[in-house]
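Scroll down for the structure; my scribbles are underneath it.
Quick note: the coordinates plus some simple rules give every number you see, no bench work behind them. Predicted, not measured: the structure shown is a model, and the values here were computed from it. Here Cβ is always computed from backbone atoms with ideal geometry, including for glycine, and neighbour counts include all displayed protein chains.
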Protein chains: 2
Amino acid sequence: MRNLNLSEITQVVNNELEIFNQKFRDSIWSENKIVNIIIKYLLKQKGKKIRPLLVILSSKIIGEVTDRTYRGATLVELLHTATLVHDDVVDESETRRGLPSINAIWKNKAGVLIGDYLLAKGLMIAVDGQDFDFLKVITNTVKRMSEGELLQSSKTRKLNNDEETYYKIISDKTASLIATCCEIGARAVSNDESKINAMKNYGEYLGIAFQIRDDILDYVGKKTILGKPLGGDIREKKLTLPLIFALKNSNQKTANEILSVLKKKEKNMDVNKVIDFVIQNGGIEYSENAARSFGVKAKDELNIFENQMIKNTLSDLVDYILERKK
Amino acid sequence: MRNLNLSEITQVVNNELEIFNQKFRDSIWSENKIVNIIIKYLLKQKGKKIRPLLVILSSKIIGEVTDRTYRGATLVELLHTATLVHDDVVDESETRRGLPSINAIWKNKAGVLIGDYLLAKGLMIAVDGQDFDFLKVITNTVKRMSEGELLQSSKTRKLNNDEETYYKIISDKTASLIATCCEIGARAVSNDESKINAMKNYGEYLGIAFQIRDDILDYVGKKTILGKPLGGDIREKKLTLPLIFALKNSNQKTANEILSVLKKKEKNMDVNKVIDFVIQNGGIEYSENAARSFGVKAKDELNIFENQMIKNTLSDLVDYILERKK
């Protein structure tokens, strides 16, 4: 297997990414000084920009990137940034992308409010551009994301997640926005519903694979200074696919032992015992296979398109997501 | 002066309020069980519904209430509810409208997410109804509300608020949404920009009067079991109009003494000393005069309309806001 590097994969749209970055930076400011101080700081927390990248590629697989594409890319990146800022408040996270989080510096109040500001700003860009079809998909996505997170919270409290509910949760909380990125990119340049739908499905499957990979990395990823420590989901009592499978695949007695570990308070929890249990009971292998099967489905959706260069890029992106180590 | 009672004032639109309540309840649900459990609880926290009331009255002063009016009323009530839920997370409030807050029962996570859900749901109603002019004003309002709150936070930290900044803050954080309610109500039934503008201005002035009254009540309101205790703004180091004026109106030495009280930690703060200082230095009287002058401006905006019954109602509403004790 090739060793995939995100910036190599995406070099075919380097120009477009450059233009996007400029437009994004220009669009985010307020007339309010304190808002701009926080925004300036936020721009230092550089992310991978996978969502705007998907908007751009989803336009380019059909036609040429337009102003609508850039507005769509800005909208999704603002929305994504808003949800990250809210997530950090909710999870009381102290760091984000290797820097202190907004709530760590300016307290929860600023975190909730800047999240609301960024969401409103994103929607205003769509309203001003009269992109009403974007607004329709994006508001539905915000709704699904909050529903998915709330479902996850409730399942977490009861420690009774199953595979079907796991897929419902990750589809709502993660894949919905990735699918929306692809839908918006396609819709920005085309009215062909079969093409729009193919890209939306590609995004949905990619998003599911992305989240499964994320959940696997919580068990076997590399612990780095800048990244998250292993076992974060275990500490938060989140039952994700590797653990759900391992619990089903082990005998009742062992499963009950693991559940009683999870019921403990975080400081008394033997996280390594749960990690070892998941690995020994095939939870990682099972989840890797599941992620790969969604990767195959994502690539299949690309068959109807003709632009071989962008098809290769989107296909490489699937492999990158499946193989990423952090 | 008459003893004004909100339900008497608003009885001219009792039918419309009834229809609104039914439509609002029908529109708020999710397919997600846990979301609906929280929503059901939220509906028990009954508010005064002043915002949807203003939407309805602003339609009715021009013409007949329509489906667009009800959609607008639902949109603003959902948005308002979303901001209250976020406020409670931000302020770590344990109660709301006499019942435990969402964050007190379901933790901060649910508070942030249900707020996002309600906001998205409100916007979806506008998108589905193709009310794009509503979306334009509402997204701008969400932006202004978050900017206003953030400006207030930054001024709070520095204890250096002045009257001009105070008005900027309350215009953004409170009056913008009240003005939007009136604008949306008028726009739902009319294209006449002079009428729409008059109602928008009425709302802006009413909203400013409302917030000044709110800030006065923090000094001289009645402490009730269900309501907020006196001096909450002082504990949070919020410099509102009564205190800003009193500080300017007293000698430097006394002002510095009060500022040093405010710099203390909440548990060591002599709140009553600040309250007495504000009363003795005319802060309440000055603020009451200011609120009244905005009340007069609000009523002046009604002059261009012909529907005397609704004019009276909107005028009584100004008096109710100015005189309310909680």
| task | Every other copy gets compared here: list the nm distances from the A:L259 label point (7 Å along Cα to Cβ) to its counterparts, shortest first, one decimal. | result | 6.2
| request: At a Cα cut-off below 17 Å, give the lysines reachable from A:K263, other chains included and same-chain residues fewer than 8 away excluded. | output: A:K155, A:K158, A:K237, A:K238, A:K253, A:K273
| task | Work out the FRET efficiency for B:K325 and B:A104 from their Cβ-Cβ distance, taking R0 = 25 Å, and round it to the nearest 0.05. | result | 0.45
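Using the count of nearby Cβ atoms within 10 Å as a rough guide to exposure, how do A:S7, B:S315 rank from fewest to most? The partial results should precede the final answer.
Details: A:S7 9, B:S315 16.
With the fewest neighbours first, A:S7, B:S315 line up as A:S7, B:S315.
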| field | For segment A:14-323, with +1 on Lys and Arg beta carbons and -1 on Asp and Glu, the positive-most of A:N312, A:G47, A:I102 along the dipole | value | A:I102
| note | By the C-alpha gyration tensor axes a ≥ b ≥ c (rounded if a/c is under 1.5, else prolate when a/b exceeds b/c, else oblate), the shape of chain B is oblate
| query | Given labels modelled 7 Å from the Cα in the Cβ direction, how far is it in nm from B:V296 to A:T254? | reply | 8.2 nm
| said: Assume the label is 7 Å from Cα along Cα to beta carbon: what separations in nm does A:L43 have to the matching positions in the other copies? | reply: 4.6
| said: If I take R0 = 35 Å and measure r between the Cβ atoms of A:N21 and B:K33 in this structure, what FRET efficiency does the formula 1/(1 + (r/R0)^6) give, to the nearest 0.05? | reply: 0.25
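Could you compute the FRET efficiency for A:K222 and B:D67, with r as their C-beta to C-beta distance and R0 at 51 Å, rounded to 0.05?
Numbers: r = 56 Å, r/R0 = 1.11.
E(calc), rounded to 0.05, equals 0.35.
Give A:K23/B:K143; A:K49/A:K200; A:K222/B:K107; A:K222/B:K109 a once-over and call out the pairs whose C-alpha atoms are over 21 Å from each other. Spell out each step's value before the answer.
On the way: A:K23/B:K143 19 Å; A:K49/A:K200 18 Å; A:K222/B:K107 31 Å; A:K222/B:K109 28 Å.
Beyond 21 Å: A:K222/B:K107; A:K222/B:K109.
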| field | 0 to 90° range, to nearest 10: angle between helix A:176-187 axis and chain A longest Cα axis | value | 20 degrees
| said: Restricting to DSSP H runs of at least four residues, report the calculated mean residue ellipticity at 222 nm for the protein assembly as shown, -39500 (n - 2.57) per run over all residues, nearest 500 deg cm²/dmol. | reply: -23500 deg cm²/dmol
| task | Check cross-link reach from B:K168 to the aspartates and glutamates: straight Cα distance under 14 Å, and skip same-chain residues fewer than eight apart. | result | A:E31, B:E147, B:E149, B:E204
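When A:L314, B:L135, A:L99 are ordered from fewest to most other Cβ atoms inside 10 Å of their Cβ, what list results?
Values: A:L314 26, B:L135 22, A:L99 15.
Going from least to most buried by this count: A:L99, B:L135, A:L314.
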| request: Pick out, from B:N268, B:Y286, B:S250, the residue whose Cα sits farthest towards the positive end of the charge dipole of segment B:208-305, with +1 on the Cβ of Lys and Arg and -1 on the Cβ of Asp and Glu. | output: B:N268
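For the residues A:D214, B:D218, what sequence is obtained by ranking on other C-beta atoms within 10 Å, fewest first?
Numbers: A:D214 19, B:D218 22.
The most exposed by this proxy come first: A:D214, B:D218.
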